[in-house]
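Nothing in this text is a laboratory measurement; each read-out follows from the coordinates by a stated rule. These figures come from a predicted structure and were not determined experimentally. We place every Cβ from the backbone using ideal geometry, glycine too, and count neighbours over all the protein chains shown.
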Amino acid sequence: MTEHYDVIIVGTGAGGGTLANVLAHAGKRILLLERGDFLPRELANWDPEQVFVDGRYISKDTWYDADGRPFQPQVHYFVGGATKLYGAALYRLRPADFGEIQHADGLSPAWPLSYDDFEPWYTKAEWLYQVHGAHGEDPTEGHWSRPYPWPAVSHEPRIQQIADALRDGGYHPFAAPCGILLNEGRRPASDCIRCATCDGHPCLVHAKSDAEVIAVRPILDLANVTLLVNAEVQRLETDPAGSAVTSVVVSRGGETETYSGDIVVISAGAAGSAKILLRSASDRHPGGLANGSDQVGRNYMFHNSKAVVALDREPNDTVFQKTLGLNDFYFAGDGRPWPLGNIQMIGKSNAAAMRGEEPKLTRLAPQLSLEEVARHAVDFWLTTEDVPKPDNRVTVDGDGQVHLAYQATNATEADGLYAELRTIMNHIGIAAHHVLDKNFYMHLSIPIAGVAHQAGTCRFGTDPATSVLDVDCKAHELDNLYVVDASFFPSIGAMNPGLTIMANAIRVGEHLLQRLA
C-alpha cells in the first residue's frame, strides 16, 4: 500500500512521541510508526525478578560487537520507547556541557547551540512532562525562566538524614527532578503511590511521566493522527536526485508496506536511527542515507555508569529512594584535574533483584537473609561522561544486522567518582561494611549491552563535512529528513539525556510547524 502523510515519525519515545504531541494539534496528517506494541499492563510490571532477572521487557534483538560476538542489547520497543522503563530522572545538561570540556580521554566538543538557546525548550519540556523539582539548590545548574510545575518530591526519613549530613559535610545535595504523576488533582487518572519500582520498571498505573502517557496517548483520539504498532522500518527511499525521502518501507505483520510523507522524522534510538540510514544506501547515497560525511553511526556514546549498593549497618526502609542528586564533582576543580560526573540515588534494592548476586551477597553477609540484606541497602547511580570517538560506531552487515564497535572512555574519571562516593560515606552516617557493584540492577554487561543512554550517531552541527544534521536536526543532504532522538548529541554530558531529547523535540517541532505553515 502507499499512503501519504504530512509528517511520518519513526519511533514514539522521548523524541518521536514528544514531537508528535507538538505537531498533532496543528491539523496536519501525522503517521506514527512504532516497531513494538503497547507495553502490557500486568502484575509483572512490578515484579523485579521478571523485570531484572528474566528480562521480560527486553527486546530479543541480537547485535554483534567489534569481534563479531553476538550479545543481547538492553533495548525496549514499545509505544513510549525507552521511557517506559526509564527512571524518569529529568535533568538539564549544565551550561558548560554545551561548550568544550577537556577530559582524561579526550575532548568533549561544543554544541552549535548554547544552554541559553536550549533553556526555553527545557522549560517547556519540564511542564509537558510534569516534572517535580527545585531550582536553585545545585551550584552547577543553569538559569531557568520558570519554576518547575510541581515541587520536589519529598525525601523519606533516611534520605533526608543523608541530605542533611551532606550539607553538614560541606556538600551541595539537591532534589532530583522526577517525572512522576502524584495524586495532586492535576491528572485524576494518576494513582502514583511512590512505589520502589519506578526505576527500571514499567508503571502499572501509568503514573510515570513517560512518552506514551504524556505525549502519545493524549493525541490518539485526534482524527489526523495514526499510530501503527509492530511496524519496523526497513529503509527509506528517495527521489532520483537523492535530495528528498519519498517513501518509508515498513515490515508489519509479515507484509511490506510503503508510506510517503512531506516530512520524515527518524527517532529510533542512536543505534536504531543509524541502522535505518545505513540500510537505506542507494546509488545516490552509497554509504547510507545522509552519510556523505561518513559520520552516520560514528561517535556512539554511552555513559560510563556504575550502579552501587552500600550495605549499611542501619536499616534503610525507604520506599521511593530516587529523590537526591549531587554534582559537587561534576566539573574539574578543588584538586581534581578532570570532571568526574554526577551521583544520584536510584531505585531501592530488593531481594528478588538481588538473587542474581546471591552467592556473592550471601558470602558477605552469611547470617542475613537476602530480604535483610536488601533492607540495609542504600543505592547510588554514578554517571561519568563518555567522550565521542569516531571509531566507537554502529555499522550494519550485508544482512542489515547491527554491529557495535565500542570502547568506554574516562575510566580514570569513573574511578575517581567511585572513590569520592566512598569518602562521602564518612559524612552521611552510613557505616557501610560493604560497597558493591550493583550488578543485579543491570545483570548484563553495562559497557556494551546497557544501551539506555546511547547517543551521538547523527550529530548536529554547522559543517556538513563533520556532522550529519544541521542545527534544526534536518539532514544536510536531504530536504525533508530529520532526526530527533539522542543521535543528534555532539557530546553527552554526565546527566540523564531524557529531558534534553524532549526539549529538542519540542524545539524541532515548533520549527516544523513554521515550515509546514
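So what's the back-of-envelope 222 nm ellipticity for the chain, counting only DSSP H runs of four-plus at -39500 (n - 2.57) apiece and dividing by all residues, rounded to 500?
On the way: 10 runs with 99 residues, N = 517.
That calculation yields -5500 deg cm²/dmol at 222 nm.
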Compute the helix-to-body angle for 498-516: its Cα long axis versus the longest principal axis of the chain, expressed 0 to 90° and rounded to tens.
20
19 Å cut-off, amide nitrogen to a point 7 angstrom out along T226 Cα→Cβ, residues in segment 30-44:
30-38
FRET efficiency, 1/(1 + (r/R0)^6) with R0 60 Å, evaluated for Q102 and R29 via beta carbons:
0.80
Taking a point 7 angstrom from the Cα of A241 along the C-beta vector, which residues in segment 456-494 have backbone N less than 11 Å away?
479
When the Karplus curve 6.51 cos²θ - 1.76 cosθ + 1.60 is applied with θ = phi - 60°, which whole-Hz ³J(HN,Hα) does each residue of segment 47-58 get, with x for Gly and Pro?
9, x, 5, 5, 6, 8, 7, 8, x, 4, 9, 7
Can you give me the C-alpha center-to-center distance between segment 76-95 and segment 149-185, rounded to a whole angstrom?
20
Treat the count of other C-beta atoms within 10 Å as a stand-in for reagent exposure and order K322, K208 from fewest to most.
K322, K208
Please state the relative contact order of the chain as a whole percent: Cα pairs under 8 Å, 6+ residues apart?
24
Extension gain, H511 back to N426 (0.36 nm per residue minus Cα-Cα distance, nm)
25.6 nm
With a 28 Å threshold on alpha-carbon distance, the violating pairs from K28/K389; K60/K275; K60/K306; K124/K275 are K28/K389; K124/K275
Between H4 and A411, what is the FRET efficiency for a Förster distance of 51 Å, r being their Cβ-Cβ separation, to the nearest 0.05?
0.50
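Go ahead and run the numbers for FRET between R313 and T462, Cβ-Cβ distance against an R0 of 45 Å, rounding to 0.05. All intermediate terms of the calculation are to be shown ahead of the outcome.
Values: r = 56 Å, r/R0 = 1.24.
Result of the calculation: an efficiency of 0.20.
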Give me the extension gain from D397 to R336: residue separation times 0.36 nm, minus the current Cα-Cα distance, reported in nm with one decimal.
17.7 nm
Less than 13 Å apart at the alpha-carbon level, and either on another chain or at least 8 residues along: which aspartates and glutamates does that give for K208?
D191, D199
Check T246: other-chain or 5+ apart residues with amide H under 5 Å from its amide H, H built from backbone geometry?
E237, T238, D239
The correct pair for segment 41-98, radius of gyration to one decimal and Dmax as a whole number, both in Å and from Cα atoms, is 15.4, 43
W144 versus D479: modelled label distance in nm, points set 7 Å from Cα along the beta carbon direction:
4.3
Degrees separating the helix 115-128 axis from the principal Cα axis of the chain, which is the longest one:
80
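How would you rank 65-73, 93-101, highest first, on the average number of other Cβ atoms within 10 Å across their residues?
On the way: 65-73: 12.6, 93-101: 18.6.
The packing order, highest mean first, is 93-101, 65-73.
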Roughly how tilted is helix 270-279, in degrees to the nearest 10 and between 0 and 90, from the longest Cα axis of the chain?
20
Can you give me the pair-distance distribution of segment 2-516, C-alpha pairs, 10 Å bins, whole percents?
4, 20, 31, 27, 13, 4, 0, 0
